[in-house]
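This report concerns only the one structure given below.
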Amino acid sequence: MKKIIFFDVDNTIYNNDKGEIPAQTKILLHTLSKNPDVVLGLATGRGLKKLEIIEDVLPYFTYKVLVNGAYVLKDKDIIYDLPIKNEDIKEVLAFVKDHDLNIGMVGINDEAVNYWNDRIGFGMNEIHGLPPAVNEKFYIDHKVYQLWMFADLESEILEIAKEMPKFRVFPWHKGGADFTYPQVNKSFGIKQCLKYEKDYQLICIGDGANDIEMIEIADIGIAMDNTRFNELKEKADHIAPHIHEDQLHDFFKKLKLI
């Protein structure tokens, strides 16, 4: 039976604080990629362009579940593609004009925000991303797969999300969150990949709120100890060491997954 292993990116493969892939993680991914009975996948809120931070290991991954499941690749082939409707984006932009909020629009290779301030700068520093363009009309010429929202506090975003029933919110730092269609999530994207596979054991590992559902569908679900979401740990079968400890290869070996 083959193993299909999906990894989150931020603070799972990639240490956001240090701006690097930990040494043991590189060894682990290289080792897994050499095993013919292992298929590797990424499941991330990032688009394709923002995967440049892990370009050294990208060739190891057969599947890429991007922008939280709205865009899915098998090698270079698109196997799922669900952009947000323009009328829904216009509705959100109209809503936030009466609130002190930043909205970002995420394409596969580009992104833009409705206006720039320090909240956007903080958010980009958190994910080590290039500054997005400032272009409120970005959605007219680009497919948008995910929205960002930035506020001073996470609690503000969660309250506002209640007034936006067309979308689901995934917080990722104290004042930033991803907004997707309710049916779109990483587990949904992974299921699109699994249509191409049979006779497998599914293993998923991550640290974020957007990883909870993929942990639930996994035969072996692994939460990173650095997660700030208790529900993720509760749903996981195992807790991997904090990313700062750089012990992921040893951890997989201990579980006999390599």
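For region 118-170, the set of residues classified as assigned to a loop (DSSP other than H, G, I, E, B), modelled with pLDDT of 85 or more and within 17 Å of the chain's Cα centre (by Cα) consists of Val144, Tyr145, Phe167, listed by residue number. I'd like to know if region 47-70 contains one or more residues that are of a type in the set (Phe, Trp, Tyr) and in contact with a Leu (Cβ under 6 Å, 6 or more places away or on another chain). So far as region 47-70 goes, yes, one or more of its residues are of a type in the set (Phe, Trp, Tyr) and in contact with a Leu (Cβ under 6 Å, 6 or more places away or on another chain).
Residue pairs whose Cβ atoms lie under 6 Å apart, separated by 6 or more positions or on different chains, with the first residue in region 225-240 and free of Cβ contacts under 8 Å to residues at least 40 places away in the same chain and the second surrounded by 17 or more Cβ atoms within 10 Å (Cβ to Cβ) and among the small types (Gly, Ala, Ser), are Phe229/Ala209; Leu232/Ala223; Lys233/Ala223; Ala236/Gly221; Ala236/Ala223; Asp237/Gly221; Ile239/Ala223.
Of all the residues in region 196-214, those that are among the charged types (D, E, K, R), in contact (Cβ under 8 Å) with a residue 24 or more places away in the chain and under 21 Å from Pro36 (Cβ atoms) number 2.
Identify all residues within region 226-249 that are out of contact with any Pro (no Cβ under 6 Å at 6 or more places or on another chain) and part of a loop (DSSP other than H, G, I, E, B); write none if there are none. Within region 226-249, Asn226, Thr227, Arg228, Phe229, Ala236, Asp237, Pro241, His242 meet the criteria. Of the strands (runs of 3 or more DSSP E) lying entirely inside region 18-98, those carrying at least 1 residues that are out of contact with any Gly (no Cβ under 9 Å at 6 or more places or on another chain) are 38-43, 71-74, 77-81. Which residues, taken from region 1-49, are of a type in the set (Gly, Ala, Ser) and either exposed (fewer than 15 other Cβ atoms within 10 Å of the Cβ) or not assigned by TED's automatic domain parsing to the domain that holds Tyr63 (or both)? Listed by number, the residues that qualify are Gly19, Ala23.
The values are calculated or read from the model by the stated rules, or taken from the named source; none is laboratory data. Note that the structure is a prediction, hence the values are computed from the model and not measured. Positions of Cβ are generated from backbone atoms using ideal geometry, with glycine treated the same way; all protein chains shown enter the neighbour counts.
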